[in-house]
1. Just give me the residues in the stretch 118-138 being open to solvent by 40 Å² or more (accessible area, probe 1.4 Å) and under 26 Å from N220 (Cβ atoms), in sequence order.
2. Which of the following residues is over 30 Å from M180 (Cα atoms), without any contact (Cβ under 8 Å) to a residue 40 or more places away in the chain and among the basic types (K, R): K90, K41, K54?
3. When you scan the stretch 57-110 for strands (runs of 3 or more DSSP E) that lie fully inside it, which ones turn up with 2 or more residues that are at pLDDT 95 or above and within 27 Å of P204 (Cα to Cα)?
4. How many residues does the stretch 23-47 hold that are out of contact with any Ser or Thr (no Cβ under 6 Å at 6 or more places or on another chain) and either among the hydrophobic types (A, V, I, L, M, F, W, C) or outside any helix (DSSP H, G or I) (or both)?
5. Give the stretch 139-194 a look and list any residue that's within 19 Å of F225 (Cα to Cα), surrounded by 10 or more Cβ atoms within 10 Å (Cβ to Cβ) and of a type in the set (D, E, K, R), or say none.
6. State which residue is farthest from the chain's Cα centre (by Cα) when the search covers only the stretch 208-221 and only residues that are among the aliphatic types (A, V, I, L, M) and buried (at least 18 other Cβ atoms within 10 Å of the Cβ).
Amino acid sequence: MATPSDQTQKKPLEIREIQELAIAISAKNLNPTMLSQEFLKQTGIVPNEWELGKQPVLGQNLSQVTFQNGVSIVAQPRTITFMESLGAKKPNELNIPNVAHQYVDKLSNAEYQGLSITPKSLVPFPGNDQGARKFITQNLLSPGEWQNYGNAPLQAGLNLLYQLDRCQFSLSINEAKIQMPDKSAIPALLFAGNFNYNLAAGNPQDVIAKLKQGIDDWQNDLNAFQEVVNQRFLAQQQPTSLFPTT
């Protein structure tokens, strides 16, 4: 049995880091075949000194350009997504908000319709193969006979929708695996958020202004994501139950 002193030493689980941030913009007139390294650099959307991280993909339904600094741009019909791996980067070191701004400036006639800010994070469960599954089935779901069916442990995920003053915020929680350099895998929870902004039809200049304001406010969405996940999902869970020592 844990003593009072043991309890005071326990700390709530925390997101180790935000693994990825994405800014997705939808519009009527976005063509995937327009996306290329040459187009991005010639228009000034990305700096000339950025180097490719892998061979670009160019197609009718999907094009992708990935750079060595962790920025990836994916174009599909009516949607373009700017993604960046964060790692240890500070907020003021992120590139995609400025890249998204430059894109909107250069293609101001694209008839923009929507904006999504999507942060993702992995919470690892080292040394506990069932930790991620049990977090969902035992901490987030009520026990019941419905869990005791079939010949393997139940796997589950959650999809939640919150209505905020500024937008809708959806959050999905699912089991995942973190691939290690030695080809082993660590169980983890994947928290994926989506702050969805509908750009109301109106004067094109007003739509552009609203879109840029939404891009500028990306850090408010990231902070909200961190607060919900850290304080409302992970803070009540004791690490000794999820990360047991041997």
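1. Answer for the stretch 118-138, where residues must be open to solvent by 40 Å² or more (accessible area, probe 1.4 Å) and under 26 Å from N220 (Cβ atoms): just K120.
2. Going through K90, K41, K54 in turn, just one is over 30 Å from M180 (Cα atoms), without any contact (Cβ under 8 Å) to a residue 40 or more places away in the chain and among the basic types (K, R): K41.
3. Fully inside the stretch 57-110 and qualifying: 71-76, 79-85.
4. Residues flagged as out of contact with any Ser or Thr (no Cβ under 6 Å at 6 or more places or on another chain) and either among the hydrophobic types (A, V, I, L, M, F, W, C) or outside any helix (DSSP H, G or I) (or both) within the stretch 23-47 amount to 16.
5. Correct list: R166, E175.
6. Among those residues, the one meeting the criterion is L211.
The values are calculated or read from the model by the stated rules, or taken from the named source; none is laboratory data. Bear in mind that the values here come from a model prediction, so they are computed numbers and not experimental data. Note that we place each Cβ from the backbone using ideal geometry, even for glycine, and neighbour counts take in every protein chain shown. All accessible areas refer to the heavy atoms of the entire protein, side chains included, with ligands and DNA or RNA removed. Shrake-Rupley method; radii C 1.70, N 1.55, O 1.52, S 1.80 Å.
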